[in-house]
Each structure stands twice: as structure tokens, then as C-alpha cells.
Amino acid sequence: MSTIIMSGCATGIGAATRKALEAAGNKIIGIDIRDAEVIADLSTAEGRKMAIDEALKLTAGSLDGVVLCAGLGTQVKPCSKTTSVNYFGAVELLDAFFPELKKGHQPAAVVISSVASAHLSWEKNPLAAAFEAGDEAKAGAIVDAAGDQGGNLAYAGSKNALTVAVRKRTAAWGEAGVRLNTIAPGATETPLLQAGLKDPRYSESIAKFVPPLGRRAEPSEMASVIAFLMSPAAAYVHGAQIVVDGGIDAVMRPTSF
Ligand code: NAI
């Protein structure tokens, strides 16, 4: 049995992933704002520190995997909450758990990014410098000052930076024997998507976002890919972003990959 720390396990993709990983015989230590072993708010530095300390205590010195699902969508106000949870709520946990993961059995981590990570490039990401400097206040101030564009910028900008942060860790994590990958889901039927659909600012663009497969994904269809990436069957998959979007990225950007 492997011990895996998960964030965002209460609902949606995280809840489905927890179920899949438990069915495969893993022990899960969940971090979430509700329904988890560790109740913590990942939008604040204090919440993240508490989450890290408490989750590590519960591992009792044995950690083999990390899956980071916690995230907020475009509709959340203030937008700075989205940059805090989506970027700092993932990157700070990854870095804090790395030393323990190095000692684990066939250790691996998966971070949930998004197809939105490719909606802007790192070179044109207005948040890149603030994220790279670890300047949470500055990243938050940029999106909070962006008016109507703040929600999309916070979401796509934080997911773009999250995928970059994972890719930049590929060398060090690989040398330490810890596999690290992201998945980039497309529209998936979860509370986050439903909240976006209910917001008149985003409902039309989300509704139009229909992939070639003709339907949105179920959370279990993300969970099965995450469970594969966490398993020994994915032993040579490292530093990859697996797009799980029903084909929409290939349609939107056929020449970029
Ligand atoms: P969800 O809303 O069902 O799940 C998000 C989870 O994060 C929940 O368990 C929630 O309680 C937790 N969470 C939110 N704020 C938190 C905070 N401040 N501290 C601790 N935990 C917090 O949404 P979903 O869709 O399952 O999202 C999971 C991940 O998948 C997110 O990172 C999201 O950005 C990503 N994603 C979702 C897509 C979709 O269409 N549903 C598409 C692409 C990416």
C-alpha cells in the first residue's frame, strides 16, 4: 500500500481520484477546506503551512505519492484567491513534500493543470514574473486590477505558470527518482464547471467549449488517467503534460504541441 497526500479531494475530479486511488489499495491523506483528513485553506500562506505540517504528521514518515487537485475557477472573486490557490496552493505543497517523497516507494506526483495552461504563452503571461519571484501579493494585485479580464487571466495565467513550474522541476525530481507530471483536463462535469456555467460572464464561452467527442468529461475519466500516472505502469512517464480534453486542444491549436 502506498501513502498519497491529495489536495482538493472533497469534490469533482479530486473526489473521483481519491475513490480510484483507494480502490487501487492506496492510503489517502486529504487536504481540503472540507471533508478531508486535514482541513485547511490553501488560499493563505498560513493555511498552506498548516496543511503541510498536518499532512506530513499523518504520514508518520512514509510518503509515496502526491496528487494536487485543489483549484478555483474563473468566476471566483476576488480573482487573487484563484492565483493563490491554483499556483501557490500547488507549488508550495509540491516543494514541501519533495524531501519526503524522495524516500518513498516508487514515488510519483501528479498536478492538475488545465487546457487553459496553453491559452497564453509563458513569454506573454503577465503573471510570470510575479509567480517566479514567489510574489503572491503582486500576482494577486495584477489580476484584481484587470477588471472584466481578471477571472480569465487569473485562471489561465495560474495554470500556465503551474505547468511551467512542474516542467522546471523535471530535472531535479527525475534525478531524485520521483516522477512528476501534470494533466490538462478539458471541460469536466464538476461543481467548478457548474459554477462557471451559472455566471453570465462565462456561461456562453463554457457552453460553446464542446470538444470533438461531443460531450464534457466525467470526473472519473480524469481520475483514471491520474491513477495510471501514479501507478508503476507509467514508470517512464516524467515531465509530461497529458491533455485529457476530448480533442479540443488539437482542434484549436493543430500546429502547436
Ligand atoms: P471542484 O470545485 O469540484 O474541486 C476543487 C476542490 O478544491 C474542491 O474539493 C474544493 O473544496 C477544493 N478547494 C477549493 N478551494 C480551496 C482552498 N482554498 N483550500 C483547499 N481546498 C480548496 O472542481 P474540479 O473541476 O474538480 O477541479 C479540480 C481541478 O481540476 C482544479 O485544479 C481545476 O482547476 C482543474 N480543472 C477543472 C476543469 C473542469 O472543467 N472542471 C478543467 C480543467 C482543469
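Kindly indicate whether Gly150 is away from the ligand (no atom under 14 Å from the Cβ) and touching an Asp or Glu at 6+ places or on another chain (Cβ under 7 Å).
yes
Within the stretch 186-220, work out how many residues are touching a strand residue (DSSP E or B) at 6+ places or on another chain (Cβ under 7 Å), farther than 16 Å from Val111 by Cβ and not in a loop (DSSP other than H, G, I, E, B).
Residues that pass the stated criteria total 2.
Residue under question is His105, and the condition is that it be modelled with pLDDT of 95 or more and open to solvent by 10 Å² or more (accessible area, probe 1.4 Å); does it hold?
Taking the combined requirement at face value, the residue satisfies it.
For the stretch 1-33, how many residues are farther than 17 Å from Ser220 by Cα, near the ligand (Cβ under 8 Å from one of its atoms) and free of Cβ contacts under 8 Å to residues at least 60 places away in the same chain?
2
Which is assigned to a loop (DSSP other than H, G, I, E, B) and in contact (Cβ under 8 Å) with a residue 24 or more places away in the chain, of Ala51, Ala90, Ala36?
Exactly one of Ala51, Ala90, Ala36 is assigned to a loop (DSSP other than H, G, I, E, B) and in contact (Cβ under 8 Å) with a residue 24 or more places away in the chain, namely Ala36.
Please go through the stretch 123-141 and pick out each residue that is part of a helix (DSSP H, G or I) and surrounded by fewer than 21 Cβ atoms within 10 Å (Cβ to Cβ). I'd like the intermediate steps shown before the answer.
Within the stretch 123-141, the first condition is being part of a helix (DSSP H, G or I), and the residues that meet it are 123-124, 128-132, 136-141.
Correct list: Glu123, Lys124, Ala128, Ala129, Glu132, Glu136, Ala137, Lys138, Ala141.
Out of (1) surrounded by fewer than 19 Cβ atoms within 10 Å (Cβ to Cβ); (2) at pLDDT 95 or above; (3) out of contact with any helix residue (DSSP H, G or I) (no Cβ under 6 Å at 6 or more places or on another chain), the odd one out for Gly239 is which?
Every condition holds for Gly239 apart from (3).
So which residues in the stretch 77-86 are surrounded by fewer than 22 Cβ atoms within 10 Å (Cβ to Cβ) and near the ligand (Cβ under 9 Å from one of its atoms), if there are any at all?
Within the stretch 77-86, Lys81 is the sole residue that qualifies.
Can you spot a residue in the stretch 99-117 that is closer than 23 Å to Gly186 by Cβ and in a loop (DSSP other than H, G, I, E, B)?
Yes, the stretch 99-117 has at least one match.
Within the set of pairs 6 or more residues apart or between chains, which connect a residue that is over 17 Å from Ser220 (Cα atoms) inside the stretch 168-195 to a residue that is outside any loop (DSSP other than H, G, I, E, B) and of a type in the set (S, T, N, Q) with Cβ atoms less than 8 Å apart?
Filtered contacts from the stretch 168-195: Leu180/Thr170; Asn181/Gln241.
The values are calculated or read from the model by the stated rules, or taken from the named source; none is laboratory data. Just so you know, these numbers come straight off a predicted model, no measurement behind them. With ideal geometry, Cβ positions are generated from the backbone for all residues, glycine too; neighbour counts draw on all protein chains shown. We work out accessible area using only protein heavy atoms, side chains counted, and drop any ligands, DNA or RNA first. Shrake-Rupley method; radii C 1.70, N 1.55, O 1.52, S 1.80 Å.
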